[in-house]
Amino acid sequence: MGVEDRQRWDRKYDRARPAGTLQADSWLVDSLRDTPPGRSLELACGLGGNSVWLATLGWQVDAVDISARGLAVAAELASRHNVTPRLIAADLDHFVPLPGAYDLVIVFRFLDRNHLPGLITRALAPGGLLVYETFGPGQCERDDNHLKNPAFVLAPGELPELFPELETIRYEETALPDRSVGRFVGRQRATITGHAGSPGGETNSGSSLPGSGE
Ligand SMILES: C[S@@+](CC[C@H](N)C(=O)[O-])C[C@H]1O[C@@H](n2cnc3c(N)ncnc32)[C@H](O)[C@@H]1O
């Protein structure tokens, strides 16, 4: 991953505009019904819909993506909703959060088996939640499948297996109208040593926090 990924996603987002309606993913909305706001981290946030939605609920939000173009759209969306998530331009291959810094980590439509399990387990505070949904079993067989690389599709039962340290709260594999997904909610159970704080990264939100991400 790296420069090529960034260029590819910048091109994909070239004509993207902020969503007219703020609509978070339903798995996220359902999973947080009884969870009070705290410190959250979105990985591969794209155009920022979920992060901005979290911020409007009072969550403190750090949102990471490799695409500066995507983050620029996210910044515009945030501005329209009068919230200030911290938008961090970083490659998740190299992004290292401070240990236990987040009460919530979310990931949607992104899969990196090598880096995400360690990164997420490190980032979550004791009792913190991971809400994760991405393409799952059945996706490649769909008539409307657009994924060219089957490596980006979860195997049956894979998400809980990627996070053995977390307690599984919910897991399902299901066919949505536009995609087939695996989706998971897990809770950090271990006591984490270290202290909460701000992770490294280049900010794109006018935040004064220093960056050192990639
Ligand atoms: C399919 S999009 C999903 C975006 C968003 N989570 C959503 O559900 O709409 C995948 C995202 O991953 C980001 N991405 C790809 N490789 C990355 C990397 N190495 N580090 C950080 N972000 C990356 C892309 O820029 C893109 O925004």
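Taken together, the values in this text are just the output of simple stated rules run on the coordinates, not laboratory data. Just so you know, these numbers come straight off a predicted model, no measurement behind them. We place every Cβ from the backbone using ideal geometry, glycine too, and count neighbours over all the protein chains shown.
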Mind telling me which of the residues Glu158, Glu133, Glu165 ends up being within 15 Å of the ligand (Cβ to nearest atom) and of a type in the set (D, E, K, R)?
Glu133
Go through (1) buried (at least 18 other Cβ atoms within 10 Å of the Cβ); (2) hydroxyl-bearing (Ser, Thr, Tyr); (3) over 27 Å from Asn114 (Cα atoms) one by one and return the number of the condition Ser67 breaks.
(3)
Suppose the filter is touching a residue at least 40 places away in the same chain (Cβ under 8 Å), under 19 Å from Glu133 (Cα atoms), touching a His at 6+ places or on another chain (Cβ under 7 Å) and not polar (S, T, N, Q); does Leu22 pass it?
yes
Do the conditions hold for Val61, that is, is it more than 8 Å from the ligand (Cβ to nearest atom), assigned to a loop (DSSP other than H, G, I, E, B) and either farther than 22 Å from Asp178 by Cα or touching a helix residue (DSSP H, G or I) at 6+ places or on another chain (Cβ under 6 Å) (or both)?
no
Would you be able to say whether some residue in the range 74-94 is without any contact (Cβ under 8 Å) to a residue 40 or more places away in the chain and touching a Pro at 6+ places or on another chain (Cβ under 6 Å)?
no
Could you say which residue among Arg11, Arg17 is more than 8 Å from the ligand (Cβ to nearest atom) and assigned to a helix (DSSP H, G or I)?
Arg11
Condition broken by Leu22, with the remaining ones in (1) among the hydrophobic types (A, V, I, L, M, F, W, C); (2) over 24 Å from Leu119 (Cα atoms); (3) surrounded by fewer than 14 Cβ atoms within 10 Å (Cβ to Cβ) satisfied
(3)
